[in-house]
Amino acid sequence: MFVIELIYKADLSQIDAHMKAHVAFLEKYYAAGNFLVSGRKIPRDGGIILAVGKDKQQIEAILKEDPFHEHGLAEFRVIEFRASQRADDIQKRIEGSSAPGHRAQR
């Protein structure tokens with residue numbers, strides 16, 4: 001498993017200008033089965049993606065397709081870890097961590 005940290009190197013106006021393409025990139029790899037959870041960091045200076053893949057090189061190759069990478073808008077830090085435990089009710093916990101009135105989204 002991998003934790004991917006995106007650290008923005010550009011103004012939010014530039015990030016927002018490429019957000020639609022970034023979301024399309026995320027959706028591609030959710031559909032491929034690589035991305036499990038993603039979202040903005042708070043404060044909004046980057047993002048986090050939880051991913052699976054055969055190795056770190058595969059994940060790094062995938063990230064090169066991200067428009068934020070292609071346009072030099074973000075740095076990417078890939079941390080590999082072995083998931084040894086998980087909560088049985090992980091989905092409930094994810095949904096419960098959202099602000100009231102908001103549904104957890106990709």
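What follows draws every value from the coordinates through simple rules; no lab data is involved. Since the model is a prediction, treat every value here as computed from it, not as a measurement. Quick reminder, even Gly has a Cβ in these numbers, built from the backbone with ideal geometry, and neighbours come from all protein chains shown.
Computed values, structure above
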read-out	value
Lys pairs under 23 Å by Cα in the chain, provided they are eight or more residues apart or on distinct chains	16
Net charge, M1 excluded, C-beta distance under 12 Å - Lys, Arg +1, Asp, Glu -1	+2
The chain: most fluctuating residue of G46, G33, G96 per GNM, C-alpha cutoff 10 Å	G96
